[in-house]
1. Can I get the semi-axes of the range 262-327's equivalent ellipsoid? Compute them from the C-alpha gyration tensor as square roots of 5 times the eigenvalues, in angstrom, largest first.
2. For the cross-link pairs K228/K299; K257/K309; K228/K309, which exceed 27 Å when the distance is taken from alpha carbon to alpha carbon?
3. P(r) for the range 36-89, please, calculated from all Cα pair distances in 10 Å bins and given in %.
4. When the scattering of the range 206-247 is computed by the Debye formula from its Cα atoms alone, each counted once and equally, what is log10 I(q)/I(0) at q = 0.32, 0.33 Å⁻¹?
5. Can you list residues from other chains, or at least 5 along the same chain, whose modelled amide H is less than 5 Å from the amide H of T320?
6. Give me D for the range 218-339 in µm² s⁻¹, whole number, from Stokes-Einstein with Rh from the Kirkwood sum over alpha-carbon pairs, 25 °C and 0.890 mPa s.
7. Peptides 206-213, 17-24, 52-59: what's the order by average Cβ count within 10 Å, highest mean first?
8. For F234, what residues show an amide H to amide H distance below 5 Å, using hydrogens built from the backbone and excluding near sequence neighbours?
Amino acid sequence: MEHVRGGQDQDQERSAGPELARLLRRWWEEAGSSTGGTRPTQQALAARLGIDQTTLSRYLNPKHLSTAPPRVVEILHTQLGAPAAELEQARTLCRTALQENGRRQGSDSTADQAADPADSADSTDSADSTDSAGELGTDGPAGTSGRQRSPWLRRALVAAAIMLAFTAGAFVNERLSAPGPKAMDTGAAGALSASEAPYEWPLLRMGEEDQFSRARALQNLLNAHGYKVLADGFFRQDTRDAVMDFQQRHDLAVDGKVGPLTWPELVKVVEHGSGAFEVRAVQELLNNVGQGGTAVSGKFTAATVQDLKFFQRTHGLAATGRVNTDTWLALLVKQLPPVKAPAYQRGTSPLPSAPL
């Protein structure tokens, strides 16, 4: 038994999961050495990734079975300044490790299922031996025909049930994996997630409460159009006045509300060379979609592009690293529930205004 266990341990050491963990750990250990910077602590790095430190430690531990998901691998590569040539290697290891995990789970499940039929057969035969002739059927002499057919019949029913379940599962899988409807827009085309209905623009209006990242993105977009409002997430009178003026200038209904007609006019294509305000609006939204922290700097950095491409890939959009209307819409829809103001903004946001 010890020899077998040792062989399994050696196989595990050679598998893709530990190799990926060793690579990620080296990225972390060498972070900052080439640039003279400071290596981030695991706690700080976990906060940027949006996960807890214990989970991150498992991803960096070759002895642990946990495999870092593709999102974490890509963000770690960016945050730690790892060599560009090693990103594809990490992606390949990640895919292979996830496949190995799936096969391992499938083998364990198959082994469990293989043990069940024998157990079922034993219990069925035992039950058959105690059945009365009347309960088993009336063909032939009592205690002969019924008892002989019962084990075979039950096994046949079990096999039919398994086949039916397998067929139904394949049908459901085919339906779920079928391509869904596509949404097209000026610029790069993108397909919405196949499992979701078309997105709808969120509606923002004036109120006392902090409306968080969506409102800050709105205020930054207004500033990108030449207005001067404080981008703090509070939709007060100054923001409403700017919205109404914008609506009037663009022949929209002047109601001070930002919805499906106003958003498309407000958003701008964001790419290299775009202004600081519209870039900040994109970064505000990227920072709150649950894929790890995005620095809100107003600079369209390489890290911003990587975060943006990851979001586009994971939401059925063309991974162009360029923000068109489809990407704006998905970013606005996919915002997490309201959270506290980000660290760079704490202490500067005013108290909610009094009721108007």
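1. 16, 15, 11
2. Working: K228/K299 19 Å; K257/K309 30 Å; K228/K309 30 Å.
Beyond 27 Å: K257/K309; K228/K309.
3. 23, 55, 22, 0
4. Log10 I(q)/I(0), no solvent term: -1.19, -1.24.
5. none
6. Rounded, D is 166 µm²/s.
7. Numbers: 206-213: 18.4, 17-24: 21.4, 52-59: 15.9.
Result, highest mean Cβ count within 10 Å first: 17-24, 206-213, 52-59.
8. Q211
No value in this document is a laboratory result; all are computed from the given coordinates. Everything numeric here is computed off the predicted structure, so don't read it as measured data. So basically every Cβ, Gly included, is an ideal-geometry build from the backbone, and we count neighbours across all protein chains shown.
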